[in-house]
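These notes concern the structure reproduced below.
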Amino acid sequence: MKNPRLQRMLVTSASSLLAVFVALCICAVILLITGKDPIEAYRTLFGAAGETKVLQGALNRATPLMISAAAVAIGFKMNLFNIGVEGQMRVALLATAVAGAAVDLPAPLHILFCLVVAMASGAIWAGIAGWLKVKRGVNEVISTIMLNFVALSLVAWAFDSFFRAESTTGSLLVKTKELPTSAWFPDIVDRRLNGMFFVAILVLVLFYVLVWKTKFGFQLRASGANAGASRVTGVNPKRMVMISMLLSGALAGLVGMRALLGDVHAYQNNLAEQQGFNGIAVALLGRNHPLGIFISALLFGYLGEASGRLQLIDIPKEITTIMTGIIVLAVVIINEAVKRWDDRRIQHKAALALESAAVPA
Amino acid sequence: MTGQSQFGQSHLGQSQLAVELHGITKRFPGVIANHDIELLVRPGTIHAIVGENGAGKSTLMKTLYGMHQPDEGTITVNGTLVQFKTPTDAIAAGIGMVHQHFMLADNLTITENIILGAEPVDHRGRINFKEARDRIEALMTSLGATFNPDTNVSELGVGQRQRVEILKVLYRGAKILILDEPTAVLVPQEVEELFTTLKRLVADGATVIFISHKLDEVLAYCDEITVIRQGTSVAHTEPSQVTRRSLAELMVGSDLPDPSGRETKVGDDVRLQVTGLNLAGDIAGAKLALEDINVAVHAGEIVGIAGVEGNGQFELCESILGLRTILSGSISVCGQELSHTETRERINMGLSYIPFDRHREGLLLDAPLWENTFLGREENAGLTNGPFISRNKIEADCRTIIDRFGVLTPSEQVPAFALSGGNQQKLVVGREMAGHPKILLAAHPTRGVDVGAQAAIWDELRHARDNGLGVLLISADLEELIGLSDRILVMFDGRVTAHLNPATATPEMLGTYMTGEEQGVDG
């Protein structure tokens, strides 16, 4: 293993795996304290992994997580913490539900139209936070959190006041006018796995290419790694902030589309709830790398899908939510510790390599 | 006081010395920061440690304050051999350090700042503010300081903040105070006040170790002087034994280099022309940061800018790069006026920049070397493929830079933080020269690098100059300035105060201009 890059990747993945393992151990202790058998619980939880249905469900649940994690990660790459994915997603959901129902287009175009509206509205909402940071120096963590609340209330109000449609089926659930079928995103496996999964994969691939393979991506990473150094090379930090915020918001707009275009086909109040927030956890566990994000989203999707099984053996399924939370905490702590260790290791190795190479004077 | 001009011959018994360092050597990867240093400080004196930037003064003081351990040598405090593992050990031994950059919490009061981390508490764990105040007021009286200890630190001026820092150290029981370039941030009246304070302390039995490179202060106020040059102590003397000139020579070494007999001629075409440049200060209404600056750099010419840091050199570079909006004046590269061009365009026109601080503005420390040598060169068609980066080409280019500049590294894949400072600097210099620039702004190109790396960087600069590169060299290192420059300008207080010929310039001349003692513009 001479390749330092490969080594670093291995160390990184090992630290994420370690975090998951630690979280499993802590959850086992919690289960023990509450008088449940952790071994049985984990056997039930992970025993379902071989079932096609469960896997399809896991991929389906992973779909929005991959997109929202990519939205968070693109911000992270530029040292921006976009916590507002949830709010940006919500704005995009209502905007797309309303605009999508208002137009009449042939199927593929209609879907494309909806996706574009979603991305544009998400980007606009995120752009507010970007604008505040660039013009007024407002920390994006604060502004995106606040804008989440604003988005939630604004969308709920707008929906309630202008866009609720009278239910035709007599259902009590209030929705917007249903999208025409031409805007429905087709399923890959009927009612189990929606085609938005491929969009999510595409997003991750494009994310990878953009951030790691292009000049723009290099400037984005450089600006995030050392704003001062990229400033003197003529990269305008404010411009980078704005662009990455807009990109992040555009992706955030796509997060809810599996639920909207692929499932419910109309806006309702709890649609795609929490999927924006969960992306933060997925991005953290996945270390902002597309491959890591894919695997983490799959893990979280699987935990969500299989958690129902626990109830069959009388264990509350919320244990998986606790597990998710502990994984995130463990990731943050362990990553930092491992990074420090790895930095020292690399420094030491470089020094050693030079000493053995140097000819004694 | 019987003067001793050589160190190590003090007539005093060893037990009477406050601080005694013998044979201190401290190595950092690739660099020897301190080598065989001797320091003898008598109690009740103000002892100056003078030396150029990068001579190793701060490293030595960090050793004495327990911030790192020496590789060789002994430390004796008040006659006892000691080993400090952390600053806490040093504080326990009665040593206190006042850092150059204040470490105060703005939103706390003076009292709170002073007791922070050393709060007197009663048996219930509550802070006894009464006791703290009494002690602080007593200390203030002995210092001659007159401020209300309940004032917020945010309301204090620089000089007062420094007084609070000193109080903080005294509060912790320090009898030996280390002050790291305390006057760098002070105006002349404040300097006066500071020394009055220090004299009082010394009269009360404290000992002050005073780090400086300002010779006037040292000669005027200090009792003894130890001179450090290139990491080692070269003399131990007293103000009465030396003149400003002889002290300056001790600092830089008596034989300044010849302004190298160059074979090529300075070209005729003007590469960089700065005319009547004015730049507003950071605070609205304050005086100008740059005032009527006129500089021209020709092809094949190195123009040195001498000056104590903070006199406008940084602002000049940022203005030329287009990172600051200038008030008036014009800047042109190769005859092309630059106003309204963005930084990136200026760089594409052949402007290159070795930044003042390689960590803050030169490197992506966590990124591999090949990404570091690519930084700022994204428009280089040889390293990219349309909108995409060509990793193979960039890596090959990085290896070329590594070879040519002798960067010691296992490969181009290691992150930049794994390299020693000298090698990091060589990498930055290599990157900035790799694009064959027309004009290079080189700010402290050899700061903090070892002698070998320094020679290599100088050779590259000379070589590039002979091939027609125009260089604006900003440096505080007189040897570098005199050895490389074809002309030297001195900057003081945002203005060019002197034009000197390196062949005739002496360190004393440079010193007088750099400290603003004389401001006439002569030939």
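Throughout, read-outs are computed from the coordinates displayed, never taken from laboratory work. Computed from a predicted model, the values in this text were never measured in an experiment. Cβ coordinates were reconstructed from backbone atoms using ideal geometry, including for glycine residues, and neighbour counts include every protein chain displayed.
Taken along its principal axes, the alpha carbon cloud of region A:102-204 reaches lengths of 47, 36, 26 Å, longest axis first.
How about region B:155-242: which chymotrypsin sites (Phe, Trp or Tyr not before Pro) there are in a DSSP loop, with at most 15 other Cβ atoms within 10 Å of their Cβ? Of the chymotrypsin sites (Phe, Trp or Tyr not before Pro), not one in the loops of region B:155-242 has a Cβ with at most 15 other Cβ atoms within 10 Å. Of the Cα atoms belonging to chain A, the radius of gyration and Dmax stand at 22.4, 91 Å.
Output the relative contact order of chain A, whole-number percent, from Cα pairs under 8 angstrom with separation of 6+ residues.
33
Exposure proxy for B:Ser330, A:Ser121: other Cβ atoms within 10 Å of each Cβ, ordered fewest to most, give B:Ser330, A:Ser121. Put in order of Cβ neighbour count within 10 Å, fewest first, the listed residues B:Ser319, A:Ser161, A:Ser248 become A:Ser161, B:Ser319, A:Ser248.
Sorted fewest first by neighbouring Cβ atoms within 10 angstrom, A:Leu291, B:Leu408 come out as A:Leu291, B:Leu408.
Dividing the radius of gyration of the alpha carbons in region A:1-136 by their Kirkwood radius gives 1.10 for Rg/Rh.
List the lysines whose Cα sits under 29 Å from the Cα of A:Lys36, skipping any in the same chain fewer than 8 residues away. Within reach: A:Lys53, A:Lys317. Rg over Rh for chain B works out to 1.00, using Cα positions for both radii and the Kirkwood form for Rh.
Run lengths n ≥ 4 of DSSP H only: what is the helix-derived mean residue ellipticity at 222 nm for chain B, with -39500 (n - 2.57) per run over all residues, to the nearest 500? Helix-only estimate at 222 nm: -9000 deg cm²/dmol. DSSP beta bridges fully contained in chain B are about 55 percent antiparallel. When the Gaussian network model of chain A links Cα atoms closer than 10 Å, the mean-square fluctuations of A:Gln268, A:Gln347, A:Gln56 top out at A:Gln347.
The mean sequence distance of close C-alpha pairs (under 8 Å, at least 6 residues apart), as a share of the length of chain B, puts its relative contact order at 15 percent.
Considered as an equivalent ellipsoid built on the Cα gyration tensor, region B:359-435 has semi-axes of 19, 12, 11 Å, the largest given first. In chain A, which helices (entire DSSP H runs) extend 20 Å or more along their own long axis, judged by Cα positions, while averaging at least 0.0 on the Kyte-Doolittle scale? Sorted by number, the helices that extend far enough and score high enough are A:4-33, A:52-76, A:85-102, A:107-136, A:140-158, A:237-255, A:290-312, A:318-357. Using the Stokes-Einstein relation with a Kirkwood hydrodynamic radius computed over Cα pairs, the translational diffusion coefficient of the protein assembly as shown at 4 °C and a viscosity of 1.567 mPa s comes to 41 µm²/s.
Computed from the C-alpha gyration tensor, the three semi-axes of the ellipsoid equivalent to region B:459-504 are 21, 11, 10 Å, from longest to shortest. Separation of region A:1-20 from region B:325-398 is 32 Å, based on Cα centroids.
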